[in-house]
């Protein structure tokens, strides 16, 4: 009997994913001599492919098993294409394989599993520098407003299927990324504090509501690592977490891992100004931004607890939990009962 992927050690997981990538690449006509380089592993494994027969690199994504169905992946690719074609938002575009299909299923008999793979065209740009973010955040706010406006009018395909980032999906015991109570280093006192904060968030979000003006299709992971900046444009990549959620969740994802920066208020102000240059954002919505910051923070705490095998989860670890507790106390002080 084969060992399940999640029970392999890190070296064997990486070796397995590299094998899947090597099997997938020829389906797009990639040369056997092409260089396949791992870029990162998170929910999925992403590779850069350099093939001397092609003018530009390719980007191959090998999907994590059990996270998205084929229809969910099709939906993601369809929205990315529609954003580029209809809203002028620069996004990576999927490339059809030799059989004409965008999504390929790779058999992995050695682990008794199958994995989906998608190839993307390369787009240029650099991740924004963390010390010069005011102007990039203004741009990002404007882009988010364009994406949200497009989401409201987009005719969803009949196969539409994506994750739901509502209260339960983000911080419920069976949330999309697991139970935040499994986050690292949480004792009974810490869990009690966070439960108080989560209850307060739930009350405020119920009052805030989920009507179509506030809740719809969002990127759900607009952090710096998923942005590529050029001299005159900001490109948005990695729509793997895109789903149905509050539009304001996207501002929270933009400041992921930066919630304790001294210039956080300036970054949020820049994002809001950029957003309002394209679409309305009410004072009531702006006042609720701290709730969405904590909703995102708790979702990532759950992710760290359920993805301990990843480099990012190990990097975040106990300091992320300690920061979350500090932010929870601040939130409860800001919104007392």
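A few comments on the model shown:
Every residue, every condition in (1) closer than 22 Å to residue 274 by Cα; (2) in the same structural domain as residue 94 (by TED's automatic domain parsing); (3) touching a residue at least 40 places away in the same chain (Cβ under 8 Å), yes or no:
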{"site": "151", "(1), (2), (3)": "yes, no, yes"}
{"site": "182", "(1), (2), (3)": "no, no, yes"}
{"site": "195", "(1), (2), (3)": "no, no, no"}
{"site": "198", "(1), (2), (3)": "no, no, yes"}
{"site": "206", "(1), (2), (3)": "no, no, no"}
{"site": "210", "(1), (2), (3)": "no, no, yes"}
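- Test: residue 55 is touching a residue at least 12 places away in the same chain (Cβ under 8 Å) and outside the structural domain of residue 221 (by TED's automatic domain parsing): no
- Among residues of segment 83-95, those that are in a loop (DSSP other than H, G, I, E, B) and without any contact (Cβ under 8 Å) to a residue 60 or more places away in the chain, counted: 2
- So residue 105, is it over 18 Å from the mean Cα position of the chain (by Cα) and assigned to a strand (DSSP E or B): yes
- Restricted to segment 65-82, and to residues there that are part of a loop (DSSP other than H, G, I, E, B) and in contact (Cβ under 8 Å) with a residue 24 or more places away in the chain, the residue that is farthest from residue 14 (Cα to Cα) is 69.
- Segment 24-40, subset surrounded by 16 or more Cβ atoms within 10 Å (Cβ to Cβ) and more than 25 Å from the chain's Cα centre (by Cα), residue nearest to residue 110 (Cα to Cα): 27
- Filter pass, residue 157 being surrounded by 15 or more Cβ atoms within 10 Å (Cβ to Cβ) and either at pLDDT below 95 or not in a helix (DSSP H, G or I) (or both): no
- Within segment 287-314, if we keep just the residues that are outside any helix (DSSP H, G or I) and crowded, with 18+ Cβ neighbours inside 10 Å, the residue that is modelled with the lowest pLDDT turns out to be 310.
- Candidate set from segment 1-54 (those that are under 25 Å from residue 311 (Cα atoms) and in a loop (DSSP other than H, G, I, E, B)); member that is modelled with the highest pLDDT: 44
- Scanning segment 255-267 for residues that are assigned to a helix (DSSP H, G or I) and either free of Cβ contacts under 8 Å to residues at least 60 places away in the same chain or not assigned by TED's automatic domain parsing to the domain that holds residue 315 (or both), we see that the one that is farthest from the chain's Cα centre (by Cα) is 265.
- Of all the listed residues (238, 311, 233), the sole one being touching a helix residue (DSSP H, G or I) at 6+ places or on another chain (Cβ under 7 Å) and farther than 25 Å from residue 189 by Cα is 238.
- Meets criteria (in the same structural domain as residue 211 (by TED's automatic domain parsing) and more than 22 Å from the chain's Cα centre (by Cα)) for residue 299: no
- Only a single criterion out of (1) under 23 Å from residue 307 (Cα atoms); (2) touching a residue at least 60 places away in the same chain (Cβ under 8 Å); (3) within 20 Å of the chain's Cα centre (by Cα) is not satisfied by residue 168, namely (2).
- Odd one out for residue 209, checked against (1) surrounded by fewer than 21 Cβ atoms within 10 Å (Cβ to Cβ); (2) at pLDDT below 95; (3) out of contact with any helix residue (DSSP H, G or I) (no Cβ under 8 Å at 6 or more places or on another chain): (2)
- Residue 110 at pLDDT below 95 and closer than 22 Å to residue 232 by Cβ: no
- Set 103, 70: member being in contact with a helix residue (DSSP H, G or I) (Cβ under 9 Å, 6 or more places away or on another chain) and farther than 18 Å from residue 250 by Cβ: 103
The values are calculated or read from the model by the stated rules, or taken from the named source; none is laboratory data. Quantities reported herein were computed from a predicted structural model and do not represent experimental measurements. Using ideal geometry, Cβ is built from the backbone for each residue, glycine included, and neighbour counts are taken over all protein chains shown.
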